[in-house]
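Participant: Sending over a structure as structure tokens; questions will come in a sec.
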Amino acid sequence: MSHQDVNRGYWAERAPGYAETARRDWAAAEPYWGIWKIPEADVGALPDIDGLDAIELGCGTAYFSAWLARRGARPVGIDQSPEQLATARAMQAEHGLEFPLLEGDAEAVPLPDASFDFALSEYGASLWCDPDRWIAEAARLLRPGGRLVFLTNSPLLVLCSAPDSLVATDRLARPQFGLRRVEWDDEEGHSIEFHLPHGEMLRVLRANGFEVEALHELQAPADATSRFEFVTLEWARQWPCEEIWVARRE
């Protein structure tokens, strides 16, 4: 079974649990990043997006696209989960904010070349899609000079997360060489993620015409909380469990 099929089934089961968090995210006045909700004002990963055509690759409930729209962008969201998109459309109606939402694969977006100035993924394609395929697709969709910004887990977190463990430890539990497709089987179901070491990520980005402008390795704030249990605050205060890449299409 393909990773798309596996993950589509996984999100069909998990989507109802994200409806309530979607309400909080859509209601937030300013963007924030990741499981610790670090304010964009403290990170500075987003360019000035006012007036830009933007696409969110693996948009889920599309709260980030909503934030982009409020900052003056013209976003389009694409996701392969009809259940997540149903929540996104309900949020659009509730907030009176309209932008296109497409059901589809972020590795094969049904839109023309050079359609966008900005591409984003926050735990969307950046986690659930094959990096060689989705980054190539982002490059195809962007105009020259366009930027790609994406957040995903740090490779260090994955290296410290054993396949049979529910939480990261302070010990390496996986080899770095060969790290790529990671399958999880737990009480939440079977899912397939993709994680690359930094050297491999640089290779993929450069091979697709991107120049890396920044890599933000995020430290959880001292007073942060998270509803996720795969990493503790103590861990995320010492080592980055999430990172944001910023790259420009040459």
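What follows draws every value from the coordinates through simple rules; no lab data is involved. Model, not experiment: these values are computed from the prediction. Reconstructed Cβ throughout: ideal geometry from the backbone, glycine too, with neighbour counts over all protein chains shown.
Participant: With contacts defined as alpha carbon pairs under 8 Å and 6 or more residues apart, what's the relative contact order of the range 1-134 in percent?
Facilitator: Details: 200 pairs, mean separation 37.2, N = 134.
Computed over the range 1-134, the figure is 28 percent.
Participant: Taking 0.36 nm per residue of sequence separation and subtracting the Cα-Cα distance, how much length would be gained by fully extending the chain between R180 and E30, in nm to one decimal?
Facilitator: Stretched fully, the R180-E30 segment lengthens by 50.7 nm.
Participant: Related question: With r as the distance between the Cβ atoms of R89 and R23 and R0 = 22 Å, compute the FRET efficiency 1/(1 + (r/R0)^6) and round to 0.05.
Facilitator: 0.95
Participant: Determine, for each peptide in 102-109, 79-86, 1-8, the mean count of other beta carbons within 10 angstrom over its residues, then list the peptides with the highest first. Don't skip to the answer; put the middle values down first.
Facilitator: On the way: 102-109: 18.5, 79-86: 20.8, 1-8: 14.6.
Peptide ranking by packing, descending: 79-86, 102-109, 1-8.
Participant: Based on the Kirkwood radius over alpha-carbon pairs, what value in µm²/s does the Stokes-Einstein equation return for the translational diffusion coefficient of the range 1-149 at 4 °C and 1.567 mPa s? Provide the component values of the computation, followed by the final result.
Facilitator: Working: Rh = 15.3 Å.
The diffusion coefficient I find is 84 µm²/s.
Participant: In terms of modelled amide H atoms, which long-range or inter-chain residues lie less than 5 Å from the amide H of E213?
Facilitator: V246, A247, R248
Participant: A further question on this structure: From zero outward in steps of 5 Å, how is the percent of C-alpha pairs of the range 151-216 spread across the bins?
Facilitator: With a bin width of 5 Å, the distribution comes to 3, 15, 24, 23, 16, 10, 7, 2.
Participant: Can I ask one more? For K37 and A12, calculate 0.36 nm times their separation in residues minus their Cα-Cα distance, and state this gained length in nm to one decimal. Write out the running numbers ahead of the final one.
Facilitator: Numbers: separation 25, 0.36 × 25 = 9.00 nm, distance 2.43 nm.
In short, 6.6 nm is gained.
Participant: With volume of the Cα convex hull per residue in Å³ as the read-out, I listed (1) 118; (2) 128; (3) 137; which label goes with the value calculated from this structure?
Facilitator: (1)
Participant: Here's something else I'd like to know. Work out the length of the dipole vector of the chain about its Cα centre, built from +1 on the beta-carbon of each Lys and Arg and -1 on the beta-carbon of each Asp and Glu, and round it to the nearest 20 debye.
Facilitator: On the way: 23 positive and 42 negative charges, 90 e Å.
Its charge dipole is roughly 440 debye.
Participant: Let me ask another. When you count, for each residue, the other Cβ atoms within 10 Å and take the mean per peptide, how do 203-216, 143-156, 222-235 rank with the highest first? Could the numbers behind the result be given before it?
Facilitator: On the way: 203-216: 15.8, 143-156: 20.7, 222-235: 12.8.
Taking the mean over residues of other Cβ atoms within 10 Å, the ranking is 143-156, 203-216, 222-235.
Participant: When the Cα centres of the range 200-250 and the range 1-68 are compared, how far apart do they sit, in Å?
Facilitator: Here the answer is 15 Å between Cα centres.
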